[in-house]
Amino acid sequence: MSAAVVAKKTERRDPPGRAPRRRRRRGLADQATGWSFAGPSTLLVLGFSLLPMGWALRLSMTDSDLVTEGQGVGLDNYRALADDPVFWKSIRNTLELTALYIPASLLLGLVVALLLNKPIRGIAFYRACFLVPFVASAAAEGLLMAFVFDKDFGAVNGLLTRAGLPAQGFLDDPSQAMFVITGIFVWTQFGFNVVIYLAALQDIAPEVLEAAAIDGAGRWRTFRHIIIPSVRPISLFLAVWGLIDCLQFFDLLLTSTRGGPVNSTITIVYYVWQLAFEYFTAGYGAAVAYALFAGSLVAIVLGLLFGRRKGFLL
């Protein structure tokens with residue numbers, strides 16, 4: 001006799017209402033077990049995310065300096081954003097960083113992943129070399145790059161001088177600083193893209209590639225019609241990830257240019273830190289942070305909707 005038949009007979013012998021109560025108790029026990037695992041993480045999220053967000057929202061409606069409580073000013077801090085030239089400069093710089101970083105990091109990550117997907121000798125060493133900048137401290141990399149690109153004693157200008165080329169201002173030149181800092185940012189972060197793209201490439205069935213080769217498809221057609229469609233969802237994920245990285249760009253900037261020269265590299269996150277911890281206008285800094293939050297939320301949602309509409313996401 002099967003277990004299902006025994007269970008049905010047992011259920012028939014139970015008094016009316018006992019079986020639903022038993023199932024209800026079993027469901028409550030399962031929920032209790034689940035919350036015993038999820039409860040600590042939920043408390044951490046509430047304690048370190050939602051509560052600080054609520055406190056920052058309240059702070060944005062005061063003129064607090066983080067030392068005193070400050071007086072309530074309503075929405076005056078948000079109204080002041082419209083007339084703040086540094087705020088708009090930080091937004092333009094953040095958008096410029098995003099427009100430069102995302103295409104460069106995606107393209108470079110895919111190209112390197114294609115090269116590292118070959119069965120060559122010492123491949124593990126090469127893969128580790130590209131991952132090291134990503135796992136290293138961004139603050140330390142900023143200090144290193146500030147020395148490498150120093151206009152007077154930097155190694156790059158030393159090489160240019162030996163080659164008979166004029167020395168450049170790099171991080172001290174307002175017209176070059178954003179391009180240099182973006183290049184450094186790409187160097188420190190694209191290793192993550194390499195790892196993700198490499199995993200996606202190795203997930204492509206070898207039979208598909210073999211069939212394409214048998215049908216006479218060359219490298220370009222294989223890349224265009226097989227590899228590109230296969231990594232398209234991954235590219236969207238990495239683009240959104242890169243957008244978040246750009247909106248949070250801070251530590252590398254702090255140890256290299258500190259937003260200069262002449263605010264040419266200041267980003268919105270660095271401006272929030274500057275307002276709160278250099279100028280001690282924490283209330284206004286919280287208002288800028290909430291403007292960043294609103295803009296980030298809109299940009300990420302639009303990006304995901306675009307990807308779903310174009311078929312990049314399921």
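The values are calculated or read from the model by the stated rules, or taken from the named source; none is laboratory data. Worth saying up front: this structure is predicted, and the values here are computed from it rather than measured. Here the Cβ positions follow ideal geometry from the backbone for every residue, glycine too, while neighbour counts run over all protein chains shown.
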Of all residues in the stretch 233-258 being β-branched (Val, Ile, Thr) and surrounded by fewer than 22 Cβ atoms within 10 Å (Cβ to Cβ), the one that is nearest to Tyr197 (Cα to Cα): Ile234
Residue check for Phe237: on the phi > 0 side of the Ramachandran plot and in contact with a Gly (Cβ under 9 Å, 6 or more places away or on another chain): no
Qualifying residues in the stretch 47-83 (those that are free of Cβ contacts under 8 Å to residues at least 40 places away in the same chain and outside any helix (DSSP H, G or I)) - the one nearest to the chain's Cα centre (by Cα): Leu75
Residue within the stretch 257-270 that is under 30 Å from Arg127 (Cα atoms) and in a helix (DSSP H, G or I) present: no
Residue match in the stretch 129-141 (condition: crowded, with 19+ Cβ neighbours inside 10 Å and either of a type in the set (Ser, Thr, Tyr) or outside any helix (DSSP H, G or I) (or both)): no
Verdict on Ala213 being of a type in the set (Gly, Ala, Ser), in the same structural domain as Leu97 (by TED's automatic domain parsing) and within 22 Å of Gly259 (Cα to Cα): no
The stretch 114-128, residues that are surrounded by 13 or more Cβ atoms within 10 Å (Cβ to Cβ) and either under 15 Å from Val186 (Cβ atoms) or modelled with pLDDT under 85 (or both): Asn117, Ile123, Tyr126, Arg127
